[in-house]
């Protein structure tokens, strides 16, 4: 599966899980390239995906190393069609990391949600531990206090992580 399609599918899985709670105003105007994927009240959510199996053959190894893109981004002006220069940051306050975890090319099925794993991490933790990093390897999720979740508990875990995010921000304010 190509990375862009996997990303869209990961967002769709999260959308289906959270749709009853999403801000309809945000989602009705959402465009590819928005600063966050979903909004629930004050919670801005960014979805990132990774997979062991790629659409192309991985030369010399059975599967890909797992990393999630956590790079800071510029905002985007949809009227001019250009990035807004000057402000680069992680706009969402919560990241949902989605891993298509099946390692067998013959049985991988991205539509089977049982083959996916999910983690929730706050932007405050990403900024505290990996401020200047653009990538987060799977084996370092514990360094940012990522919470492993599942689709049944996703919203509860997002809320829990968001509340911890707010406490960290309050504690770091002068």
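The values are calculated or read from the model by the stated rules, or taken from the named source; none is laboratory data. A quick note: this is a predicted structure, and the numbers were derived from the prediction, not measured. As a convention, Cβ positions derive from the backbone with ideal geometry for all residues, glycine included, and neighbour counts pool all protein chains shown.
When you check residue 121 against the structure, is it surrounded by 14 or more Cβ atoms within 10 Å (Cβ to Cβ) and either at positive phi or not in a loop (DSSP other than H, G, I, E, B) (or both), yes or no?
Considered against the rule, which asks whether it is surrounded by 14 or more Cβ atoms within 10 Å (Cβ to Cβ) and either at positive phi or not in a loop (DSSP other than H, G, I, E, B) (or both), residue 121 comes out as yes.
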Would it be correct to say that residue 65 is modelled with pLDDT under 95 and outside any loop (DSSP other than H, G, I, E, B)? no
Looking only at the range 129-154, and only at residues there that are part of a helix (DSSP H, G or I) and in contact with a strand residue (DSSP E or B) (Cβ under 8 Å, 6 or more places away or on another chain), the one that is surrounded by the most Cβ atoms within 10 Å (Cβ to Cβ): 144
Within the bounds of the range 68-85, is there any residue that is modelled with pLDDT under 95, part of a helix (DSSP H, G or I) and exposed (fewer than 15 other Cβ atoms within 10 Å of the Cβ)? no
Every residue from the range 1-19 that is modelled with pLDDT of 90 or more and in a loop (DSSP other than H, G, I, E, B): 19
For residue 35, the lone unmet condition from (1) more than 13 Å from the chain's Cα centre (by Cα); (2) within 26 Å of residue 161 (Cα to Cα); (3) at pLDDT below 80 is (1)
Pull up the range 86-109, narrow it to residues that are within 13 Å of the chain's Cα centre (by Cα) and in a loop (DSSP other than H, G, I, E, B), then point me to the one that is surrounded by the fewest Cβ atoms within 10 Å (Cβ to Cβ). 91
Scan the range 77-97 and tell me whether some residue there is closer than 20 Å to residue 54 by Cβ and in contact with a helix residue (DSSP H, G or I) (Cβ under 8 Å, 6 or more places away or on another chain). yes
Test for residue 126: is it in a helix (DSSP H, G or I), touching a strand residue (DSSP E or B) at 6+ places or on another chain (Cβ under 9 Å) and modelled with pLDDT under 95: no
So which residues in the range 137-164 are touching a residue at least 60 places away in the same chain (Cβ under 8 Å) and within 20 Å of residue 43 (Cβ to Cβ)? 151, 154, 155, 158, 159, 161, 162
List the pairs whose first member sits in the range 6-19 and is at positive phi and surrounded by 18 or more Cβ atoms within 10 Å (Cβ to Cβ), whose second member is outside any helix (DSSP H, G or I) and modelled with pLDDT of 95 or more, and whose Cβ atoms are under 9 Å apart, counting only residues at least 6 apart or on separate chains? none
